[in-house]
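Q: I'd like to ask you about the structure that follows.
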Amino acid sequence: MLGLKLPTDPRWVNLAEKSLEEILTDHAYCEQKAATSCITLIQGWPEKERMVRELAPIVTEEWGHFRQVLREMDNRGLKLGPQRKDEYVNQLLKFQKSGGSKDDRLLEKLLTFALIEARSCERFRLLSLHISEDELKSFYHSFMVSEAGHYRLFLDLAKEYADEDRVKTRWQEYLEHEAGIISNLTPRGDRMH
């Protein structure tokens with residue numbers, strides 16, 4: 001369904017489970033950045049009425065996810081640590097084509113965000129299936145469902161605001177590039193990506 005070219009290394013869930021405070025910290029900041037990204041799209045392209053209407057509630061949802069993760073940390077007596085550099089996302093951002101029209105830049109952002117949501121969905125699925133605590137399985141399952149919807153929305157918006165063949169071609173380029181990123185990153189249990 002997600003079209004990812006390379007699955008997550010199976011060792012990642014075990015590493016994440018051993019670094020629960022760190023993975024929850026990183027997860028919290030990922031949710032915060034997702035809310036900010038949606039706000040940036042709304043501010044940059046207010047004329048895209050469907051996108052504004054569709055993303056406004058996602059800002060609230062993503063911020064709610066941030067608060068959910070904080071609550072989970074509080075329940076476990078864990079503390080939110082400092083935000084860390086996200087090498088995965090930074091490499092995706094470097095792949096975006098610069099220049100071009102305003103709509104060209106929108107397409108790049110929508111595809112980048114779709115890919116981040118797709119990889120997050122895949123990782124939440126793995127956690128929901130393989131983490132040892134049943135409570136955490138349920139916790140991550142709800143995030144998986146949400147991320148799948150966001151992934152689809154970003155791709156749908158890309159197809160609405162750009163030529164569908166162009167979207168398909170560029171999406172495949174993103175998927176290939178992302179597989180290269182994943183293959184070169186060492187699996188870390190303290191990062192969502």
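Quick note: the coordinates plus some simple rules give every number you see, no bench work behind them. Just so it is clear, the model here is predicted, and its values are computed rather than measured. Every residue, glycine among them, receives a Cβ derived from its backbone with ideal geometry; neighbour counts consider all protein chains shown.
Q: Are any residues in region 49-97 closer than 22 Å to GLU17 by Cα, in a helix (DSSP H, G or I) and acidic (Asp, Glu), and if so, which ones?
A: GLU72, ASP74, GLU87
Q: On to the next question. Scan region 13-36 and tell me whether some residue there is loosely packed, with under 13 Cβ neighbours inside 10 Å and farther than 27 Å from GLU108 by Cβ.
A: Taking every residue of region 13-36 in turn, at least one turns out to be loosely packed, with under 13 Cβ neighbours inside 10 Å and farther than 27 Å from GLU108 by Cβ.
Q: Hey, can you tell me all the residues within region 41-92 that are of a type in the set (Gly, Ala, Ser) and within 23 Å of ASP156 (Cα to Cα)? First the steps, then the outcome.
A: Of all residues in region 41-92, those of a type in the set (Gly, Ala, Ser) come to 44, 56, 64, 77, 81.
If the condition is that a residue be of a type in the set (Gly, Ala, Ser) and within 23 Å of ASP156 (Cα to Cα), then GLY44, ALA56 are the ones that fit.
Q: Scan region 118-135 for residues that are surrounded by 13 or more Cβ atoms within 10 Å (Cβ to Cβ), part of a helix (DSSP H, G or I) and either in contact (Cβ under 8 Å) with a residue 60 or more places away in the chain or not hydrophobic (A, V, I, L, M, F, W, C) (or both) and jot them down.
A: First, pick out the residues of region 118-135 that are surrounded by 13 or more Cβ atoms within 10 Å (Cβ to Cβ): 118-128, 130-131.
Checking which are part of a helix (DSSP H, G or I) leaves us with 118-128, 130.
Correct list: ALA118, ARG119, SER120, CYS121, GLU122, ARG123, ARG125, LEU126, LEU127, SER128, HIS130.
Q: Can we say SER142 is assigned to a loop (DSSP other than H, G, I, E, B) and either at positive phi or not hydrophobic (A, V, I, L, M, F, W, C) (or both)? Give the steps one after another, and end with the answer.
A: On the way: assigned to a loop (DSSP other than H, G, I, E, B): no; either at positive phi or not hydrophobic (A, V, I, L, M, F, W, C) (or both): yes.
So SER142 fails the test.
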